Structures are given as C-alpha cells and as structure tokens.
Amino acid sequence: MSSEHPTRPEDFDLYALGALDDAERQAFESHVVSCADCAEKVAAARGRIAILAFAAPTVAPSPGVKETLMRQVIASAEGPSGGLARVKPEPAADAGVFARWWGVLLPVAGAFALATVLLWLHNEQLNRQLADLRNTIEQQKQELAETRHQADLIAARETLVVPLWSQKGTPESHAEGHARVLYNAKEGMMTYDGWLPSAPADKSYQLWLVPMNGAPISAGVFNPQNGEMSHMMMKLPAGVTAKEFAVSLEPAGGMTHPTGPMVLVGPIS
Amino acid sequence: MVTAEKRAELKATDASLIDRIVQRDESALAALYDRYSGMLTSVLNRILRDTQAAEEILQDIFYQLWRNAAQFDSSRGSLSGWLLVIARNRAISRLRRHNPASGDELSENTVVVASNLERSVAQQQLMAKVKSALDNLPKEQRAAIELAYFEGLTHSEIAQRTGDPLGTVKTRLRTAVETLKRDLHS
Ligand SMILES: [Zn+2]
C-alpha cells in the first residue's frame, strides 16, 4: 500500500495506457482511490491516452447496426411500462333481456362451464410441464453462467493462483495432501481444488483466507470422501488482500476461527 | 441534402443530447450514434480484427448509454472520451477473455479530453495530429505504444513479446508517452 503521490507525471499516462504490471498497478490504484488530486490527473491522462484511438485505420460500421440499435431502443421504450391504452368496459347489458334468455342459456352455460373446467385442468397440466421445462432451462443457464464465470475468473489478469502443500511435521496420512486456490480479490471470488484424505468422523476440513490485516476468514467447510478431489467455489467479501490460504482440521461442521492443526498452507509469494 | 432538423442535431452539444436521452428522446441517441460510431468502429476493429465482434460491442455501448444516460455527468468528463475508454476496455477484455467490465462504467470512468470532438471536422483534425505524432516516434517506441494501446499488453508482456529487457521497454514507453503528451497537448 502506498500513500505517496506517483512521483512522475508520466506515471498517470502509463497507468491509463494499462502498461503497469499488477503490483505497480495495485500500488497506484490504492493511492489514487483516496486522493482527489491524483484522481483528476488520472481523468486527464485517460483523455490523453484515449485519443490514441485515432491512430486506427478508419472503418465505418455497417448500416444494420444503427437499425438494430434503434429497434432495440424503441422496443425497450414499449416495454411493460409502455403506454398500452386501457379498453373501456362495455356498459352493462339490459337486465330484462338478460333474464328472459336465462332459461335457455343455463344448460348451455353448464356445458360450457364443464368444458372450461376440463380445458382449465388440461391447461394446468400443460402449464406445469412448461414450468418444469422453464426450470430446467433456468438451471442450465445458471450452470453455464457459473462455468463461464469460473473461466473468466481463471483468465483474469489479477487472479492469484496459489498452491497449497502439507506442512513439515504433518502426520504421515496428510503428507500427500495438496490443493490449488484461485483468488480474485477484486471480485471476492475464490475456487478451491484439492485432495486430502477423508477427515476423521468427528472432524471437518476448513479452508481459510488469512488476510494481510485481521483475523482469518472462513472460506468453506468440506469433507472429502473415498479419496476424491474436492472442488469448491465461493464468494467472499471483495477487496481483501490475502497473505496466505490454509486448510485446518476442525471439529465437524467447522469453527468461526481456526483451532485445529493446519494441514495445508499456501503463502502468497 | 441536410434538413434543418439534422443541422440542429449536428450543432447540439453532447451534454444537451444526453439530457434529451434522459428524457427518452430516441433521436438524440441516433444523433450521438452518427457522431461517434465511426470513431468507435475504427478502434474496435483495430483491436479485435473482427467486424462482427466490433459491431456487437458498438451496439452494446450505445444501448447502455440509452439505458443509463442519467448516470453520466457531463460536467465531470467528456462523452467522447468515455466512449473511447469503454470501447477500448471492452474490446481488450474480449480479446484477452477477461471479465467484462461490470457495474458503474458510466459514473466511475471519468475521462477528460482536451479537444472537443463533437464536430466531425475536429475528429478529422485530431486524427491527422495523432497519426503524425505516432509517425514521428522512433520505431520501437511506436511499436510499444501500439502493443499497449491496441493489444492491452503490460510492460512485462511487451518485453516477453518483443524479447527486449523489461527495463528497456519501460524506458521506451515512458519516453513515448512523454513525447506524445508534448506533441499532442502543447
Ligand atoms: Zn495523490
């Protein structure tokens, strides 16, 4: 963390250009976020760098783009809140005429009602099937979104990849344990993939994010079975700078802070 | 032929067009599209080298402007600068398969551009100026700037790409941005 203003004026341009590597960029941002003077300089540097776009060869968009855009815009304006005129209710029918026809219409009405109920039941069934289908689609969409998110997380430049290993002096049974954590502080997204032997019956493993400052944050409790790999993905508070990740052996169900032996540790180099 | 109405749109400031978008005036968005879509398409195509992807992003940016124009504060920064920054960010994210930028792009990315780019003549003048400024840079400096700006590479990624020592790349880029600042903003 740096509380110094960037020393050279070009630092702002290099930042806006995106040329700073992760550590430099983070140091720069951690200062600028709380310095109004520097934030102003960043805005000006962004403008200086932005105009480099004009070095690109001139290409015009195809006319279809504007058309699609304007159609999209107009469709959004006609959305649910758009002004559909209300249909005025018809004036009530003359009661006398209605009563005279009642005798004739009643049996017809009965048959019609039955048909309506049957149709309604059929419709209900269709609706249920439709709802099931929608649920399935929704679920698949969600799974896809999660997979994509994970792929994006892995590709992101600021994502840390931290291997976790068993520590010296760990009991023989845990010596083969290993894991890998991906951690994106900006988003607070974290994934864990690893192997550990099954925990004793009354114990669970617990994954911890140990921040630079403050107490370890629990990132999940897990119980691997039958020598299988564990995969977890979790959302933690965003913006926490991690010092290390660790897995400890805790009473079944986990604890609010680590109490048991650390079986895997992954310091951030 | 240019109608009187069209002439008025050509003269309208970005800020007044934004205000009209906030009032749900579609023609104001169309006017901003006419004003800036060419400049954005050029940079998107240069980064992505993929017309379809470039046009998707282009449409998306203007649709975002339509939906969230109220968040844009014309007194803090310029729309043209914001559009250029967002277009480049999105194209590079796509190129490098990063997370798409999320959230409050409209209120968070303040960009102050020294030149007023509302008139197409001004855009053409600036284009000539930028091209000549880049042409005047030593070859390696220009290449480094282009790798950073159009491909989104950092110092060490450029060093890796060109095989030059990191220190050399850093000096090159620093000198290049210094020269450009002097040539383009004096
Ligand atoms: Zn400062």
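The values are calculated or read from the model by the stated rules, or taken from the named source; none is laboratory data. No experiment lies behind these values; they were computed from the predicted model shown. All Cβ positions, even for glycine, are placed from backbone atoms using ideal geometry, and neighbour counts span all protein chains on display. Ligands, DNA and RNA are excluded from the accessible area calculation, which covers all protein heavy atoms including side chains. Shrake-Rupley method; radii C 1.70, N 1.55, O 1.52, S 1.80 Å.
Has the stretch B:28-48 got any residue that is over 20 Å from A:ILE51 (Cβ atoms) and polar (S, T, N, Q)?
no
With respect to A:ARG48, determine if the residue is open to solvent by 20 Å² or more (accessible area, probe 1.4 Å) and within 16 Å of the ligand (Cβ to nearest atom).
no
Hey, among the residues in the stretch B:154-179 that are within 8 Å of another protein chain (Cβ to nearest Cβ) and either of a type outside the set (Asp, Glu) or part of a loop (DSSP other than H, G, I, E, B) (or both), which one's nearest to the chain's Cα centre (by Cα)?
B:VAL177
Determine whether A:ALA27 is in a helix (DSSP H, G or I) and closer than 23 Å to B:LEU65 by Cα.
For A:ALA27, the condition - in a helix (DSSP H, G or I) and closer than 23 Å to B:LEU65 by Cα - is not met.
Counting only residues that are open to solvent by 100 Å² or more (accessible area, probe 1.4 Å) and assigned by TED's automatic domain parsing to the domain that holds A:ASP193, which one in the stretch A:132-171 is modelled with the highest pLDDT?
Filtering first and then ranking leaves A:TRP165.
Would you call A:ALA39 assigned to a helix (DSSP H, G or I), closer than 30 Å to B:ASP25 by Cβ, within 15 Å of the ligand (Cβ to nearest atom) and free of Cβ contacts under 8 Å to residues at least 24 places away in the same chain?
No, not satisfied.
If a residue must be touching a Ser or Thr at 6+ places or on another chain (Cβ under 8 Å) and either closer than 14 Å to A:ALA238 by Cα or open to solvent by less than 10 Å² (accessible area, probe 1.4 Å) (or both), how many such residues does the stretch A:190-208 contain?
Adding up the residues that qualify gives 7.
Checking the condition in contact with a Lys or Arg (Cβ under 9 Å, 6 or more places away or on another chain), of a type outside the set (Val, Ile, Thr) and away from the ligand (no atom under 16 Å from the Cβ), which residue from A:PRO57, A:PRO61 passes?
Residue meeting the stated conditions: A:PRO57.
Give the number of residues within the stretch A:237-252 that are out of contact with any strand residue (DSSP E or B) (no Cβ under 6 Å at 6 or more places or on another chain) and at pLDDT below 85.
Residues that pass the stated criteria total 3.
Of the residues B:ALA143, B:ALA159, which single one is touching a Pro at 6+ places or on another chain (Cβ under 8 Å) and under 27 Å from A:ASP22 (Cα atoms)?
Just a single option satisfies the conditions, and that option is B:ALA159.
Going by the structure shown, is B:ARG7 open to solvent by 20 Å² or more (accessible area, probe 1.4 Å), out of contact with any Cys (no Cβ under 6 Å at 6 or more places or on another chain), in a helix (DSSP H, G or I) and more than 10 Å from chain A (Cβ to nearest Cβ)?
The answer is yes for B:ARG7.
Return the residues of the stretch A:35-45 that are aliphatic (A, V, I, L, M) and open to solvent by less than 20 Å² (accessible area, probe 1.4 Å); say none if nothing qualifies.
Matches in the stretch A:35-45: A:VAL42, A:ALA43, A:ALA45.
So which of B:ARG94, B:ARG88 ends up being in contact (Cβ under 8 Å) with a residue 40 or more places away in the chain and touching a Pro at 6+ places or on another chain (Cβ under 9 Å)?
None of the other options fit; the residue is B:ARG94.
How many of the residues in the stretch A:10-29 are closer than 16 Å to B:LEU173 by Cα, within 13 Å of the ligand (Cβ to nearest atom) and in contact (Cβ under 8 Å) with a residue 24 or more places away in the chain?
Going through the stretch A:10-29 one residue at a time, the tally reaches 2.
Take the conditions open to solvent by less than 50 Å² (accessible area, probe 1.4 Å), under 27 Å from the mean Cα position of the chain (by Cα) and within 12 Å of the ligand (Cβ to nearest atom) and apply them to A:VAL32. Does it pass?
So A:VAL32 fits the description; yes.
For the structure I just gave you, tell me whether B:GLY81 is within 7 Å of chain A (Cβ to nearest Cβ) and outside any helix (DSSP H, G or I).
no
Residues checked against (1) among the hydroxyl-bearing types (Ser, Thr, Tyr); (2) under 21 Å from A:ALA60 (Cβ atoms); (3) facing chain A (nearest Cβ under 10 Å):
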position: B:ILE21; (1), (2), (3): no, no, yes
position: B:LEU32; (1), (2), (3): no, yes, no
position: B:ALA53; (1), (2), (3): no, yes, no
position: B:ASP60; (1), (2), (3): no, yes, yes
position: B:ARG67; (1), (2), (3): no, no, yes
position: B:GLN71; (1), (2), (3): no, no, no
position: B:SER75; (1), (2), (3): yes, no, no
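Starting from the stretch B:65-85, keep only residues that are closer than 16 Å to B:LEU126 by Cα, then list their pairs with residues that are open to solvent by 70 Å² or more (accessible area, probe 1.4 Å) whose Cβ atoms are within a distance under 8 Å, requiring at least 6 positions of separation or different chains.
These pairs meet every condition: B:SER78/B:ASN116.
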